[in-house]
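Contents: one structure, followed by commentary.
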């Protein structure tokens, strides 16, 4: 344990403070706390991640406030509102009958028994999948009869700057793809597998 005598010999600045009395010690302690708080405030960025280099996770979270004004009505659909939904169609594209084959209580076979008058029908509206359009690009290899140069081969990489790709793109109303390698399968932008 450190004693006052040890502090007086090792720290003359604190010895002078001790000689001035308890009030001087308390004032110095408060001054050190203020310096510490100022140093902490200087380390923490002023602002948030939009105005400093601090990560967004350090942003203070504001209390969410509702932008709605009070009207005196309950939340949700109001009485008399017609609502919006997909109306059932008279002739669906597909009909799947989920037949009851066994009794749920005794497991007796019910395949020969006619269905009850009450039939629960639910219609599910699904977006159809678009078919994948595949275009094969074939590269020719030709030798010039005049120069007898080694066979010239197209690169197999359609580009938007080539006239054939530009003509094809404008004729089919699609964008051409800049390939960096000779692939065997590519998917054009805007299409999914």
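The values are calculated or read from the model by the stated rules, or taken from the named source; none is laboratory data. These figures come from a predicted structure and were not determined experimentally. All Cβ positions, even for glycine, are placed from backbone atoms using ideal geometry, and neighbour counts span all protein chains on display.
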Can you confirm whether segment 60-81 contains a residue that is touching a residue at least 12 places away in the same chain (Cβ under 8 Å) and within 30 Å of residue 128 (Cα to Cα)?
no
Against the condition at pLDDT below 85 and part of a loop (DSSP other than H, G, I, E, B), how does residue 92 come out, does it pass?
no
Need the failing condition index for residue 89 against (1) closer than 30 Å to residue 119 by Cβ; (2) surrounded by 10 or more Cβ atoms within 10 Å (Cβ to Cβ), just the number.
(2)
Is it the case, given these coordinates, that residue 134 is surrounded by 10 or more Cβ atoms within 10 Å (Cβ to Cβ), in contact with a strand residue (DSSP E or B) (Cβ under 7 Å, 6 or more places away or on another chain) and free of Cβ contacts under 8 Å to residues at least 12 places away in the same chain?
no
